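J.: I have a structure I would like to understand better, so I am pasting it below and will then ask my questions one at a time.
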Amino acid sequence: MSSSTLDVAEAIRQLATERVAPSAVAVDRNRAFPQESLDALADGGWFGLLVPEEFGGHGGGLVALAQACEELGSACASTAMVFLMHSVTAATIAGGGGLQAGDYLSAMADGKLLGTLAFSERGTGAHFYAPELVAVEQNGRIRIRGRKSFVTSGGHAGIYLVLTQSSSAGLDCHAVTPADGIRFDGEWEGLGMRGNSSVAAEFDCAIDASSRIGDSGAGQALVFGAVAPYFLVGLAAVNLGIASAALAATIGHAATRRYSDGSSLAEIQSIQHALAGMDIATRSARLLVHAAAAAGEAADETALVQLMEAKVLATDTAAVVTQSALEVCGGQGFTPALPIERHLRDARAGAVMAPTNGVLRNWIGKALAGLPVP
Ligand SMILES: Cc1cc2nc3c(=O)[nH]c(=O)nc-3n(C[C@H](O)[C@H](O)[C@H](O)COP(=O)(O)OP(=O)(O)OC[C@H]3O[C@@H](n4cnc5c(N)ncnc54)[C@H](O)[C@@H]3O)c2cc1C
């Protein structure tokens, strides 16, 4: 089932155009979880993009993830976000291993199990890598009681990777299913990414130790070795997709919007400069995202800095490009008559998703200066 990265980009582009993009407006307007789009991805075998081939997946890496996320981000940012969290979950399970890891991965590759991460907490905010929730060992079981916030696909996923303080030392990562005891709170009311159901989750469960991903205390290594590279590249690529879609819609509008004298918006020089700026910014960000993904796959020593910079650049670029799109399209861009206002709202999430761009700038500076990160 192995696929070249070129096949991934082309196949996902076709699927995104035919099966994901048509419902993007309704997903956004109704804050609907994008189930039909996800079913299309599952049916196509794409839930296994990052699942190793031995468990029935494609065995894809960072470059394949970047290509898939850009295509999906362009079609429907909510679907792309859910797919990204699922794919990062698969990469984390594959990287960490564990007694049930093979079962989880096979079910994910089969499209039967949607995964996500429950890392963030109210008390630690952007510092998701330092959770306060403690997993306590009791009578041979692991007891997890407490709350996680902003859980993408909350209430819809079948497996949640929960980051906790270990009862011995360090951090642990546990795979928890709804049947183990999870209650989801409230509705997702975010500005953008409206279909991704990032709700709070209350855990009250006693799970078997076999559901731990990786060794006890290996959570921090998993966060920085498995979660971070895939999440940074994937989120960067989702935002490239948003910027590309906004650019394409803006070019289309500028070329076809005509005044009474027959002239078009595109004939105005300041509009031409705006289009040029949007294209230069998007193309530059894409180069860094793909270079960082390739460096990560090659285990290049500069990969971590490149990956962090790629997330900062691509998310900032999406925010700037969608703002330019609004200015070029004017009042019409401010209404749902054009997709610009949706792209603009979707593009606001990237910078504040952890590791946030503020935190990443700290880490990039530290890494460049030879200081330990975080
Ligand atoms: C759409 C969406 C989906 C999400 N999905 C998930 C998910 O699936 N799983 C999950 O676990 N989490 C998820 N999150 C949570 C997210 O990754 C962050 O953890 C969360 O947004 C932190 O929000 P906060 O308001 O608590 O941040 P705060 O910690 O209050 O930070 C506020 C601001 O201060 C800045 N800041 C804080 N500390 C520093 C510092 N030391 N240096 C520089 N700047 C700093 C931050 O950059 C940020 O801009 C999601 C968030 C969003 C918006």
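The values are calculated or read from the model by the stated rules, or taken from the named source; none is laboratory data. These figures come from a predicted structure and were not determined experimentally. Note: ideal-geometry Cβ built from the backbone for every residue, glycine included; neighbour counts use all protein chains shown. With ligands, DNA and RNA removed, areas are computed over all heavy atoms of the protein, side chains included. Shrake-Rupley method; radii C 1.70, N 1.55, O 1.52, S 1.80 Å.
J.: Mind jotting down the distance between the C-alpha centroids of the range 329-374 and the range 46-125, whole Å?
T.: The range 46-125 and the range 329-374 have Cα centres spaced 22 Å from each other.
J.: Does anything in the range 241-278 have its amide N under 12 Å from the 7 Å Cα→Cβ label point of SER284, and if so which residues?
T.: 277-278
J.: Mind checking which of VAL162, VAL136, VAL321 has the largest fluctuation in a GNM of the chain, springs on alpha carbons under 10 Å?
T.: VAL136
J.: Here's another thing I want to ask about it. How large is the accessible surface per residue of the chain, computed with a 1.4 Å probe and reported in Å² as a whole number?
T.: Working: 15150 Å² over 374 residues.
Per-residue value: 41 Å².
J.: So what's the chain giving for Cα Rg divided by 2.2 N^0.38 Å, two decimals?
T.: Normalised Rg, Cα atoms only: 0.99.
J.: How far apart, in nm, are two points set 7 Å out from the Cα along the Cα-to-Cβ line at GLU10 and at ALA299?
T.: 3.2
J.: For the range 162-297, what is the convex hull volume of the alpha-carbon atoms per residue, in Å³?
T.: Expressed per residue, the convex hull around the Cα atoms of the range 162-297 is 155 Å³.
J.: Now for a different question. Below 8 Å, C-alpha to C-alpha, sequence gap of six or more: please give me the relative contact order for the range 5-114 in percent. Write out the running numbers ahead of the final one.
T.: Values: 144 pairs, mean separation 36.2, N = 110.
33 percent.
J.: Next question. Restricting things to Cα coordinates, could you compute the convex hull volume per residue of the range 67-118 in Å³? Kindly include the intermediate steps, with their values, before the conclusion.
T.: Working: hull volume 4.2 nm³, N = 52.
For the range 67-118, the hull spanned by Cα atoms encloses 81 Å³ per residue.
J.: While we're looking at this one, here's another question. Please find the FRET efficiency linking SER263 to GLN35, where r is the Cβ-Cβ separation and R0 is fixed at 56 Å, and quote it to the nearest 0.05.
T.: FRET efficiency, SER263 to GLN35: 0.80.
J.: How many nm separate the modelled label positions at THR124 and GLU327, each set 7 Å beyond the Cα in the direction of the Cβ?
T.: Taking the two extended label points, one gets 4.0 nm.
J.: Can you tell me the FRET efficiency between ALA337 and ASP103 if r is taken as the Cβ-Cβ distance and R0 is 56 Å, rounded to the nearest 0.05?
T.: 0.70
J.: Based on the mean of other beta carbon atoms within 10 Å per residue, what is the order of 333-344, 234-245, most packed first?
T.: Those peptides, ordered most packed to least, come out 234-245, 333-344.
J.: Let me ask something else. Please give every one of the lysines within straight-line cross-link reach of LYS366, meaning a C-alpha to C-alpha distance under 23 Å, and leave out same-chain neighbours fewer than 8 residues apart.
T.: By straight Cα distance, LYS366 reaches LYS311.
J.: Still on this structure: Under a 10 Å cutoff between Cα atoms, tell me which one of ALA24, ALA91, ALA169 has the largest fluctuation in the Gaussian network model of the chain.
T.: Ranking ALA24, ALA91, ALA169 by mean-square fluctuation puts ALA169 first.
J.: How large a share of the accessible area of the range 116-215, in percent, is made up of carbon and sulfur atoms when the probe is 1.4 Å and the other protein chains stay in place?
T.: The computed percentage sits at 45.
J.: Out of THR79, THR356, THR302, any idea which swings most in a Gaussian network model of the chain, alpha carbons joined below 10 Å?
T.: Of THR79, THR356, THR302, the most mobile in the Gaussian network model is THR302.
J.: What does the convex hull of the alpha-carbon atoms of the range 220-368 project to on average, in nm²?
T.: 9.3
J.: Counting alpha carbon pairs within less than 8 Å and at least 6 residues apart, what relative contact order, in whole percent, applies to the range 220-368?
T.: Computed value for the range 220-368: 31 percent relative contact order.
J.: Could you state the principal axis extents of the C-alpha atoms in the range 116-215, from the largest down, to the nearest angstrom?
T.: That works out to 42, 28, 20 Å along the principal axes.
J.: If I take every Cα pair under 8 Å that is 6 or more residues apart in the chain, average their sequence separation and divide by the length, what percent do I get for the relative contact order?
T.: 17
J.: Given the DSSP H assignment, sum -39500 (n - 2.57) over each helix run of at least 4 residues in the chain and divide by its residue total; what's the result at 222 nm in deg cm²/dmol, nearest 500?
T.: Result for the chain, helices only: -16000 deg cm²/dmol.
J.: Which helices count as membrane-span-like in the chain under these terms: full DSSP H, at least 30 Å along the axis by C-alpha, Kyte-Doolittle mean of 0.5 or more?
T.: 228-256, 303-333
J.: Shifting gears a bit: Separation between the GLU187 and SER168 pseudo-spin-labels, each 7 Å from Cα along Cα→Cβ, expressed in nm?
T.: Modelled inter-label distance: 4.6 nm.
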